Each structure stands twice: as structure tokens, then as C-alpha cells.
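To start, the structure itself, in C-alpha cells.
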Amino acid sequence: MKFLPVFWAIVGKKCLVVGAGSIAARKAELLHKAGGKLCVVAPEIGVALSDLAFFEEIELSQRAFVESDLDDAVCVIAATDDQDLNRDISRLAQARGIAVNVVDNPELCSFIMPSMIERGPIQIAISSGGVSPVLARMLRSRLESTIPGAYGELATLADEFRLTVKQALPNVGARRRFWESILDGQVAELVFSGKMEVARERLQQQLRDFDHAQVNGEVYLVGAGPGDPDLLTFKALRLMHRADVVVYDRLVSQPILDMVRRDAERIYAGKASANHAIPQENINQLLVRLAREGKRVLRLKGGDPFIFGRGGEELGELIDENIEFQVVPGITAASGCASYAGIPLTHRDYSQACIFVTGHRRKGAEDLNWKMLSHANQTVVFYMGLENVSRICESLKAHGRAANTPAALVEKGTTAMQRVFVGDLDSLPAIIADQQVRAPTLIMVGEVVALHNKLNWYRPGEEIGQI
Ligand SMILES: C[S@@+](CC[C@H](N)C(=O)[O-])C[C@H]1O[C@@H](n2cnc3c(N)ncnc32)[C@H](O)[C@@H]1O
């Protein structure tokens, strides 16, 4: 982040604009609108600024800039055609600790002015950090068309009732729920259709009827997909924005976590400090406890919660404890890795079935049905198989799979660090042996793996491993 976005109170403070052309006039207008005490210095004053000064209280000085113009200013805009002068103004202002903006020269700026959308008291500022103002403006026009103008009235209505609601609902969680029901419900619709008075009455009625006891928590069991944030579902994203607290696994990537509501509490359930996984029972209880506190709990899991994700156990506990919930499927690693590695899981000519199986061998657990897994013309995907890759390949061969059956290992699939190693049941263990492969990885076995050579389309960068 090159600039810190803030909204700055400049009411009654001196704001200096040097230059008086059309760009200077636009900036001056904004400063004036925000309540700044505007002083403009320029040898020639353009039409737009003269007009502004005619209607508004602006100090216009028709002369060259002198250093003392900076006295008492909190900010200065340098908008002259003279680049040397702009540079001098920037240097002098920064030496005095005054915020400075030089038009079209981000290097000389200590602040920049964003593209803006205004809806009454709501302000949305968009910036490219000076890299591409045109792109920022394009984004602004896209947003403009999706945010109804009446959001301004909605914000004004919220402001009108802010204190009343605060007194009636001292509990922060309850208050947030109340406002969400207003701003995303019938009252908002009434405002949008111009029925302000009815909206006011309905809001008051909803406040009277608001049942504190109804502030039940709930749990969203959400699949975050295999890593690429673009693979999240709309529903996952919506609930990620609603959650009060997120309990996440180690497979949930940072870019995905960054999309969770910014002020949501974050609880890592992957590994505890002693480097042991938090026991599943404790996670189940944590979800129940947080929901009982009235929170909206986002249980964010890599891939799909119901595929090797223990989502079934968590859901079972929620049902036993009568906790409300929603379940959102995610793209499972097999599906994501197969797509991004150019390995179709089924194919009319080569594979008529696909099996997802765990490659992790639990103590005391029955061994896999290797005979069934070794049939030809099917694809077998091993989750959690990295440590047992040799055993997996040997077992398949021992039960009848040809030694030259194509096999691949996909590391960190769908992410910028994805690597794909392709060989066959004989060669795969040796191929990956000296590659310092790191989890998460997926092993795929079957004739379809050979299609990777042709269908491999994803280029995550230099790190891709082509063997
Ligand atoms: C505990 S399982 C969770 C699976 C998850 N619920 C899903 O549906 O993908 C973890 C295993 O998923 C696989 N996995 C998850 N994400 C992966 C990725 N981005 N690339 C490769 N394998 C992945 C690995 O085999 C890893 O050991």
C-alpha cells in the first residue's frame, strides 16, 4: 500500500491552491465543499475559479506564489504549468510538514486525491495510488451505476435514528443485527422507492418489536476452494462479509482470508502453538460456544467441507446442540487441481469413473481396497498422499495397474506456486524425490494424466515444474 486512505476533516482550515486553471478549479471546489478555508494564488485567474469566487467565500490573490503563502496552511495543491515551481512548492511544503499534492506528479505528492462517489454522507474513494488514475475513474463509473442514488437518503435516515437505536439496544451485536435488518430489508426498499415517511414509521415499529432474545448466533460451514480466491462461490463471499468471527484451517490461503470482513475476529484452528492440530472435538465445541455468544461464526475450510474436511462431524455437533447453520460447498482440491493442471478427471475415451481417496494411513484403520483402485480406465485421486507416494504406486502395481500408467503430483494447485510433476507409476516417486515438494499436494493416477502434455494451460510463473 503506497498511500493510507483516510477521510480528513479540514473544516475552517487554510487550504492553499497555487494555480488557477481548470484542474486547480476542480481541486479547489472539492476543498471548499469539504469546508476548507480556500486561498488561491495565481498571476492569472481562470474563468472557473472566478465563477467559484463570485458565489463562495474564497481568498483570491492575483500574483506569483511566495513562500509565506504557506503560513498556517494544512494542505497545498500545486497546479501550475511550471514544473520547477511545482517542485519548489512541494519541497517547501514538505519541509514544513504541510500535506502537498502536485497535479499529475505523484512523486512530489505527500497526498493524492481519489476518484469519488458520493451518496449523501456516504463517500467512496477509489485510488490507484497514482499508478493509473484512468483505471480508478473507470472503476468509479462502474460502481456509480450499481449504487442507487437513494443510498444517500438511507444513510441520512440511519443518522436520524442512530442515537435512539443506540439507547434502545446497548448491546453492540444486537444493534448491528438490527441495522442490518433495516439497511438490507423492507425499510431500505421503502427509502429507495421514495417513501421516506413510511420508512421512518416502519423503522420505529421494527425497533419496538425487536426481540433481543432472537439474536441467536449461527455457523456458516464454508468451503474456501483450493487456493485461488477467484474460485470462491458468491454465497461463500456473501457470508464471509457477514461473519463476526472466522475459524479457519491452515489450507485457507491469505488472499482468501483478506476477503473476510475486516473487523471479524480471526481464530486459527490449523495448528496450535505446540504444532499439534487442535483436536476436532475442541473445534466443534468452539463453534458451539461462539454461536451461543450470539456470533455469526464463519467456519472456513480449504476445498469442500464435506470432502476430507471433517465438515460432517462439525455439522453433526451443531445439529445436536441446536445451533443454526448454513453449509456452502467449495471447489474441492481434486477438481481445482485437475482443471489447473489440464488433467480432466474423466474422458470419454480414457476414464469412465473417478475416485477420491485418502492417501493418509491412520493407525489401526483398514487398508484401502487396492484391487478396486487398480482397475484400468478410471482416475484415482489421492488426497494427503505425499508421504506415501511410493507405497501408493507400488500397491497399485501389485494389484494389477500397469507400471506405465500415467501418474502426476500437483503441488499447491490453483495458486501462483502451483507445480505439476508428471510421470508414471514406476517413475513418479523418483521424479519428485529431489524436488523439495511441499504440501498440499494431490496425486492423480490414470490414463487421463497423459492429456496434461496437450491441455496444460495454466502458467503460474517460472516455478512451474515440467518434467
Ligand atoms: C484435509 S484435506 C482437505 C481437503 C479439502 N476439504 C478439499 O475438498 O480439497 C487436505 C488435502 O487436500 C489436498 N489439497 C488441498 N488443497 C490443495 C491444493 N491447493 N493443491 C494440492 N492439494 C491440495 C491435499 O492432498 C491435502 O493434503
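Structure notes:
- Every pair of residues 6+ apart whose Cβ atoms lie under 8 Å, when the first sits in segment 26-53 and is under 13 Å from Ile77 (Cα atoms) while the second is in a strand (DSSP E or B) and polar (S, T, N, Q): Lys27/Asn101; Cys39/Ser61; Val40/Ser61; Val41/Ser61; Ala42/Ser61
- Among (1) more than 16 Å from the ligand (Cβ to nearest atom); (2) modelled with pLDDT of 95 or more; (3) assigned to a helix (DSSP H, G or I) - the single one Pro344 does not satisfy: (3)
- Screening the candidates Asp211, Asp230 for the property of being over 16 Å from the mean Cα position of the chain (by Cα) and free of Cβ contacts under 8 Å to residues at least 12 places away in the same chain yields one hit, Asp211.
- For segment 1-19, the set of residues classified as free of Cβ contacts under 8 Å to residues at least 40 places away in the same chain and touching a strand residue (DSSP E or B) at 6+ places or on another chain (Cβ under 7 Å) consists of Gly12 only.
- Here Gln326, Gln285 are screened, and the one residue that is over 23 Å from Leu386 (Cα atoms), polar (S, T, N, Q) and in contact with a Leu (Cβ under 8 Å, 6 or more places away or on another chain) is Gln326.
- Just one of (1) within 18 Å of Leu290 (Cα to Cα); (2) part of a helix (DSSP H, G or I) fails for Gln167. It is (1).
- Pairs are defined by a Cβ separation below 7 Å, a sequence spacing of at least 6 or placement on different chains, a first member in segment 238-256 that is modelled with pLDDT of 90 or more, and a second member that is away from the ligand (no atom under 13 Å from the Cβ) and among the aromatic types (Phe, Trp, Tyr); the pairs so defined are Leu239/Tyr220; Ala243/Tyr220; Tyr248/Tyr268.
- Pick from segment 42-60, criterion among the aliphatic types (A, V, I, L, M) and either within 45 Å of the chain's Cα centre (by Cα) or assigned to a loop (DSSP other than H, G, I, E, B) (or both), ranking: modelled with the highest pLDDT: Ala42
- Going through (1) over 32 Å from the mean Cα position of the chain (by Cα); (2) assigned to a loop (DSSP other than H, G, I, E, B); (3) within 15 Å of the ligand (Cβ to nearest atom) one by one, Ile355 falls short only on (2).
- Which listed residue, of Gly194, Gly185, is out of contact with any strand residue (DSSP E or B) (no Cβ under 7 Å at 6 or more places or on another chain), surrounded by fewer than 17 Cβ atoms within 10 Å (Cβ to Cβ), in contact (Cβ under 8 Å) with a residue 40 or more places away in the chain and assigned by TED's automatic domain parsing to the domain that holds Glu160: Gly194
- Number of residues in segment 396-425 that are out of contact with any strand residue (DSSP E or B) (no Cβ under 9 Å at 6 or more places or on another chain) and under 24 Å from Ser351 (Cα atoms): the value is 4.
- Helices (runs of 4 or more DSSP H) completely within segment 222-339 that count 2 or more residues being in contact with a Pro (Cβ under 9 Å, 6 or more places away or on another chain) and within 12 Å of the ligand (Cβ to nearest atom): 311-320
- Criterion (of a type in the set (Gly, Ala, Ser), at negative phi and without any contact (Cβ under 8 Å) to a residue 40 or more places away in the chain) met by exactly one of Ala353, Ala341: Ala353
The values are calculated or read from the model by the stated rules, or taken from the named source; none is laboratory data. Predicted model, so just to flag it, every value in this text is computed and none were measured. Please note: Cβ atoms are built from the backbone with ideal geometry, for glycine as well, and neighbour counts cover all protein chains shown.
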